[in-house]
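**Student:** Next up is a structure, given as C-alpha cells.
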Amino acid sequence: DTTTVDPLADLVVTKTDGVTDAVAGEPISYTIVVSNAGPSAIAGAAVADALPTALTGATWSCVATPGSTCTDPTGTGDVATSVDLASGGTATFTVDAVIDPAFTGTLSNTATVAMPAPGLDPTPGNNTATDTTAVTAETDLVVSKDDGSPTAVPGEAVTYTVVVTNAGPSAVVGAT
C-alpha cells in the first residue's frame, strides 16, 4: 500500500503598524506575524509584502520561535522571502520605513503568506492581512525678513531678503 501524505497546516498572517494616523515625512514601523496553527510543520512558506511607493528606505528583520526559521533574517525594500514553521511556530517580521514627505491620503499595505506545494491550507482566507493608515501633512513654516542693516537713510533704496523655511517633517506645496 502506498499513501501520499501532504502536509496540512493553517497558515495565518497578521499585519499592523499600531496606529490609525501618521504624519508624512515621519518613520513608520509594521509588525507582520506569520503563524502555523498546524497540525503539520511547513517548510518554505512564501512571505511577501510589496511596499507602497509612499514608503522609502525600508529595512526589515525576521525572528522565528524555537523550531522555526527565517530564510532571510534581514533585508531591504519589499519583503520577499520564505519561512519554515513548526506546528504552533511563528515568524515575526519588523518593517521600518519613512513615509514620503509629499504623500498624504490613505496608506494601505498588504502582507501575504503562501503554502508551498503540495501542502494544504484549510483556511486560505487568513493568508492575507492589510493595514490601513491615514497620512496627513504636518509642517512648521518659518518666515524671516531682513534688510541687512540696523539703520536706513531716508530716500535711499532698501533691499529686504525674505526667507521661508519648512521645518517639516512634511513637504509643502503651494504655500503663499
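The values are calculated or read from the model by the stated rules, or taken from the named source; none is laboratory data. Everything quoted here is computed from the prediction, not taken from an experiment. Positions of Cβ are backbone-derived with ideal geometry, glycine not excepted, and every protein chain shown enters the neighbour counts. For the accessible areas, the whole protein counts, side chains as well, though only heavy atoms, and no ligand, DNA or RNA atoms are used. Shrake-Rupley method; radii C 1.70, N 1.55, O 1.52, S 1.80 Å.
**Student:** Of the numbered conditions (1) out of contact with any Cys (no Cβ under 6 Å at 6 or more places or on another chain); (2) open to solvent by 20 Å² or more (accessible area, probe 1.4 Å), Ser68 satisfies every one except a single condition; which is it?
**Tutor:** Answer for Ser68: the failing condition is (2).
**Student:** Within the group Val142, Val135, Val164, Val158, which residue is modelled with pLDDT of 90 or more and in contact with a Gly (Cβ under 8 Å, 6 or more places away or on another chain)?
**Tutor:** Val135
**Student:** Can you name every residue in region 139-176 that is surrounded by 10 or more Cβ atoms within 10 Å (Cβ to Cβ), among the polar types (S, T, N, Q) and part of a loop (DSSP other than H, G, I, E, B)?
**Tutor:** Passing the criteria: Thr139, Ser170.
**Student:** Considering only residues of region 83-104 that are open to solvent by less than 30 Å² (accessible area, probe 1.4 Å) and without any contact (Cβ under 8 Å) to a residue 60 or more places away in the chain, which is farthest from the chain's Cα centre (by Cα)?
**Tutor:** Going residue by residue through region 83-104, those that are open to solvent by less than 30 Å² (accessible area, probe 1.4 Å) are 83, 85-86, 89, 91, 93, 95, 97, 99.
The next check asks that each one be without any contact (Cβ under 8 Å) to a residue 60 or more places away in the chain; those that pass are 83, 86, 89, 91.
On the way: Val83: 19, Ala86: 26, Gly89: 23, Ala91: 17 Å.
Going through the qualifying residues, I end up with Ala86.
**Student:** Now a separate question. Inside region 66-85, can you point out the residues that are under 14 Å from Val12 (Cβ atoms) and part of a loop (DSSP other than H, G, I, E, B)?
**Tutor:** The answer is Ser68, and nothing else.
**Student:** In region 11-56, which residues are crowded, with 18+ Cβ neighbours inside 10 Å, closer than 20 Å to Thr130 by Cβ and of a type outside the set (A, V, I, L, M, F, W, C)?
**Tutor:** Lys15, Tyr30, Ser35, Asp49
**Student:** Something else now. Please work out if Val79 is among the β-branched types (Val, Ile, Thr) and surrounded by fewer than 19 Cβ atoms within 10 Å (Cβ to Cβ).
**Tutor:** no
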